[in-house]
C-alpha cells in the first residue's frame, strides 16, 4: 500500500496496536503486577508419599523451580521453656516424643496437609504472568526433564480476570474521549496504545486516563511548536530563536507544562505501588510519545497541503484563554472504571486438596499461644490441649503465698511469628466454596465478585477530582501579546 494512500494511517495504527498488544501480552514482561489473565495462581505437584521430600526440593531448586511449600520447608514453633524454637516438620516426630505434652496436635495436622491419602504435595504461589509457571507447556517440559525417573502429577489453579471486558471498556473510553476532545484527528493516533494496555486489567483504565490527560495538556504547546517549524520562514518570529525564544513561546502554557509534569509523576507511582511493571510501562510511554509525534507530523503535512492556518475567530486582547480541558474528556474513564471494580473473576483448575486438610490462621495462632503459655500451664492436658479454651493459673496474695486461681486465656500476641501459609490457605479456600451444593474445586468454575482494594477506589475518585478541578478552576487572563503563530485573527 503506498505511503500517501489515505488508508495507510489506518492500517499503520491497526498494525501498531496489534504489535503493542502482543508485546504486553507476553508472559515474560506482563504489564500488570496485580491483575492480568491470571492475577494469582497456585501450582500443585503431587508425588507418591514414599518419595523423599528433601530430594524433590533439591531437584526443583536445581531446575530453577524453587519456592515450593512442602513438608520439609515448614518449621513448627515449640516451647523451649522460656523461648520458642523451630523444628522442621519432616523431623518433628523424631525430635518430639509422642507423649511430650508440648505436642498439641498442630504438627500432625500440618503434616497431613502435605502428606495424605498416599500422596505427597508441593505448592507454589505465583502472583503475576511474568512467571513462566503460568504457561503449562513450559512447566510440563521442565518438570519432565527434572523428574524423568519419578512419576508425578501437577495441577495449576488460576484466578482468571475477564480481560476481554477491559478491552471493550477501553475502546468505549477512547471513542467517547475522542468525541469530547478538542482535536479528534490527533487523539485517534493514541488508540493503539490506550486500548492495547487492556491486558493490565483494571489499572489499564487508570493508565489510559493519565496518558489522555498528558495528551490534552501537551496538545496546545506542541501545536505551537509544530506550527512555528512550518511557518517560521513565512511569518515574523515573535519569540526569537534559542532557549529564550522557546521559553517565551511556552509562557502562555506554563500551567499545562506544570500539570503535565505532575501527571508524568503518576506513572512511576503506579509502578512503585506495584500496579504496573516498570519495563512494559516504559514501553507504553515510548509508544505514546512516538504516536504523539506521528500525529503532529500528520497534522503538519495537512497544514503543508492546505498552505495556510485554519481560521478560528477569537476575542481581542486582553482575553480569557483555556489551553486545556479535562472535562468531559476524562469523564468516560472515571465512569467506565466504576463497573470495572465489580467485574467477576473466575477460578480455573482442578483442586486436588480437600477442604478437610486445610489449616486456618486461627489454628496456627492458637498453637503459638499454647506454646508461649506452656511453661505456665498444668501438665495434665495431654494431646487435647489444642482443643481447650482456657487453663487455670495461680496468683499470689500480699503475703507472697498462693491466694487462688483464675482462668488463663490464650494469648493473641503472635505478630512476631505470622502464619507462613496464610496466603496459600486463603487461596485454596476459594476453590472449596460450595457451588450448587457441590465442591467448586473439582472441574468446576467459581465466579465471585473481586475483592476491590482501597487503592482502586482512590484511583477512580482521583479521576473524578481531576474533572471537577477542570470545571471549577479559575480561568487564566493573559495580557501579553498573543503568539503570532497561533494568532487566528484577521488583521484590519
Picked from the stretch 75-86 (must be in contact (Cβ under 8 Å) with a residue 12 or more places away in the chain and part of a strand (DSSP E or B)), the residue farthest from residue 424 (Cα to Cα) is 79
Looking across the stretch 418-432 at residues that are crowded, with 17+ Cβ neighbours inside 10 Å and in a loop (DSSP other than H, G, I, E, B), the single one that is modelled with the lowest pLDDT is 432
All-but-one check, residue 155 against (1) out of contact with any helix residue (DSSP H, G or I) (no Cβ under 8 Å at 6 or more places or on another chain); (2) modelled with pLDDT of 90 or more; (3) not assigned by TED's automatic domain parsing to the domain that holds residue 337, failing number (2)
Within the stretch 37-53, can one find any residue that is part of a loop (DSSP other than H, G, I, E, B), within 35 Å of the chain's Cα centre (by Cα), farther than 24 Å from residue 359 by Cα and at pLDDT below 90?
yes
- Answer yes or no as to whether residue 407 is modelled with pLDDT of 75 or more, over 13 Å from residue 42 (Cβ atoms), in contact with a strand residue (DSSP E or B) (Cβ under 7 Å, 6 or more places away or on another chain) and not in a helix (DSSP H, G or I). no
Flagged in the stretch 195-213 as buried (at least 24 other Cβ atoms within 10 Å of the Cβ) and more than 19 Å from residue 456 (Cα to Cα), in numbering order, are 196
Going through the stretch 60-74 in order, the residues found to be touching a residue at least 12 places away in the same chain (Cβ under 8 Å) and either surrounded by 14 or more Cβ atoms within 10 Å (Cβ to Cβ) or assigned to a loop (DSSP other than H, G, I, E, B) (or both) are 60, 63, 64, 65, 67, 68, 69, 70, 71, 72, 73, 74
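Quick grid of which residues meet (1) closer than 30 Å to residue 428 by Cα; (2) modelled with pLDDT under 70; (3) outside the structural domain of residue 423 (by TED's automatic domain parsing):
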residue	(1), (2), (3)
290	no, no, yes
301	no, no, yes
319	no, yes, yes
327	no, no, yes
362	yes, no, no
The number of residues in the stretch 197-251 that are outside any helix (DSSP H, G or I) and at pLDDT 65 or above is 2
By residue number, the members of the stretch 117-132 that are over 14 Å from residue 423 (Cβ atoms) and at pLDDT 90 or above are 117, 118, 119, 120, 121, 122
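The values are calculated or read from the model by the stated rules, or taken from the named source; none is laboratory data. The structure presented is a predicted model; accordingly, all values stated were derived computationally and were not measured. A quick note on method: Cβ atoms are made from the backbone with ideal geometry, for glycine too, and the neighbour counts reach across all protein chains shown.
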